Amino acid sequence: MADAFIIDACRTPRGIGKQGKGALAHLHPQHLAATVLKALVDRNGFDTADVDDVVWGTSSQVCEQSGDLGRMAALDAGYDVRASGVTLDRFCGSGITANNFAAAMVMAGQEDLVVGGGTEMMSLPKKGLLPMGANNPHLQDLHPQSHQGVCADAIATLEGIDRRAVDEHAAESQRRAEIAINEGRFDRSLIPVHNPDGTLALDRDEHPRPGTTADSLAELAPSFPALADHRFDEGSPTFRELINQRYPDLDIAHVHHAGNSSGVVDGAAAVLYASPAYVQAHGLTPRARIVACGNPGDDPTLMLNAPVPSTRKILKRTGMTLDDIDLFEVNEAFAVVSEKYLRDLELDRDKVNVNGGAIALGHPIGATGAMLIGTVLDELERQDKQVGLVTMCAGGGMAPAIIIERV
């Protein structure tokens with residue numbers, strides 16, 4: 001197989017994902033995506049007629065985010081009409097999956113220049129969205145699927161990870177993000193977003209809460225006890241009952257809240273991939289190459305546990321070990337996800353999410369994976385290290401992963 005080279009990666013700031021509060025919430029998602037697509041061209045000077053495809057991740061494909069956002073955003077960005085586009089949904093894993101697909105096309109020799117990325121505006125009303133497995137009793141009988149927050153609490157209970165541990169994990173995410181922002185570690189990838197009239201909408205991440213401590217987080221009430229007893233419709237099981245169908249003796253201890261769960265934000269990100277032939281013909285300078293991509297499934301009832309088996313699978317495929325990975329980015333969907341990852345793999349905490357994660361910065365669902373690829377690449381360059389691994393849990397019990405290596 002040919003190499004797939006990463007030429008560049010960029011992202012918008014993450015804006016608070018609430019109408020009337022977030023600096024990006026009034027914008028169209030196509031505008032947000034077009035911002036990063038334009039930036040790739042401005043920064044690298046390629047002819048958009050050469051773009052074979054724009055592979056985009058968006059989880060909530062309803063309302064303004066429907067209608068093949070990848071293609072529409074490319075057109076909005078002024079790309080040549082020959083630059084095709086497609087949009088996919090693997091829940092939270094959409095952004096990594098879009099990049100995996102983009103890289104795979106180049107590695108297979110089918111395309112020469114492909115963009116992988118994603119957008120999610122969590123401030124948009126999610127009309128028509130249903131919980132996973134909803135309206136399909138047969139599927140729920142086979143694989144009961146609950147709410148992610150209730151799943152996070154169930155995992156913490158099963159693993160014996162208590163409230164203090166997840167609050168300390170969250171406080172550390174905030175501390176690391178504060179350092180990264182103050183030192184400008186995100187500056188290379190961060191693209192300011194402007195309004196259609198040219199005025200500045202946002203040029204910094206809005207969600208971080210510097211100064212957060214485990215003690216201040218301890219004052220927050222758990223978010224999911226009431227939701228655990230919610231029924232999607234009359235006669236359906238509660239979210240708690242769905243988990244208890246598979247784990248009947250589990251008495252869920254609720255430890256997660258807004259301060260130790262991923263932030264609700266808007267954002268977009270994009271990564272530019274090129275073949276060796278295109279790089280040579282056009283004088284581009286690669287920053288990294290793709291070592292491997294992967295995506296295993298895991299228990300859909302607990303839903304959030306796949307990052308560990310995903311990591312083990314992709315390492316086995318490449319013949320690598322954990323010691324071969326210099327830096328890890330593991331999405332902090334909930335504190336228990338990344339805390340369990342650290343414990344299960346016995347990792348050095350100074351190699352994982354070194355600039356904070358989604359607890360501090362926010363998690364724009366379909367865009368996060370693309371953001372993390374750029375984040376780990378920037379940090380590998382900053383520390384002059386070589387290999388990074390990115391993974392994240394996704395609905396349905398999945399976890400796409402990707403390994404990159406600097407060149």
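The values are calculated or read from the model by the stated rules, or taken from the named source; none is laboratory data. Because the structure is predicted, anything quoted here is derived from the model rather than measured. We place every Cβ from the backbone using ideal geometry, glycine too, and count neighbours over all the protein chains shown. Ligands, DNA and RNA are stripped out before the accessible areas are found, and what is left, the full protein with its side chains, is counted by its heavy atoms. Shrake-Rupley method; radii C 1.70, N 1.55, O 1.52, S 1.80 Å.
For a straight C-alpha distance cut-off of 29 angstrom, the lysines reachable from Lys351 (same-chain residues fewer than eight places away being disregarded) are Lys313, Lys316, Lys340, Lys385.
The dipole here belongs to the chain: it is taken about the Cα centre, uses +1 on the Cβ of Lys and Arg and -1 on the Cβ of Asp and Glu, and is about 160 debye.
Distance between the pseudo-spin-label points of Lys316 and Ser236 (7 Å out from Cα toward the beta carbon): 3.5 nm. Could you give the DSSP H helices of the chain that reach 24 angstrom or more along their long axis (alpha carbon positions) and whose average Kyte-Doolittle hydropathy is no lower than 0.0? Answer set is 365-383. Rolling a 1.4 Å probe across the protein heavy atoms gives the stretch 235-303 an accessible surface of 36 Å² per residue. Solvent-accessible area of the chain (1.4 angstrom probe, protein heavy atoms only): carbon and sulfur portion equals 49 percent.
Each Cα pair under 8 Å and six or more residues apart adds its separation to the average, and for the chain the resulting relative contact order is 27 percent.
Sort largest first and round to whole Å: the equivalent ellipsoid semi-axes of the chain, each the square root of five times a Cα gyration tensor eigenvalue.
Values: eigenvalues 209, 105, 92 Å².
For the chain, the ellipsoid semi-axes come out as 32, 23, 22 Å.
Determine which lysines satisfy two conditions relative to Lys18: a Cα distance under 18 Å, and not lying fewer than 8 residues away in the same chain. The reachable lysines, counting only those whose Cα sits under 18 Å from Lys18, are Lys126, Lys127. GNM on the chain, alpha-carbon springs under 10 angstrom: the most fluctuating residue among Leu342, Leu361, Leu200 is Leu200. Average accessible surface for the stretch 144-192: 39 Å² per residue, computed with a 1.4 Å probe over protein heavy atoms with every protein chain in place.
If you keep only loop residues by DSSP, which GluC sites (Glu not before Pro) in the stretch 287-374 have at most 14 other Cβ atoms within 10 Å of their Cβ?
On the way: sites: Glu329, Glu332, Glu339, Glu346; in loops: Glu332, Glu346.
Taking the stretch 287-374 and a limit of 14 other Cβ atoms within 10 Å, the loop GluC sites (Glu not before Pro) found are Glu346.
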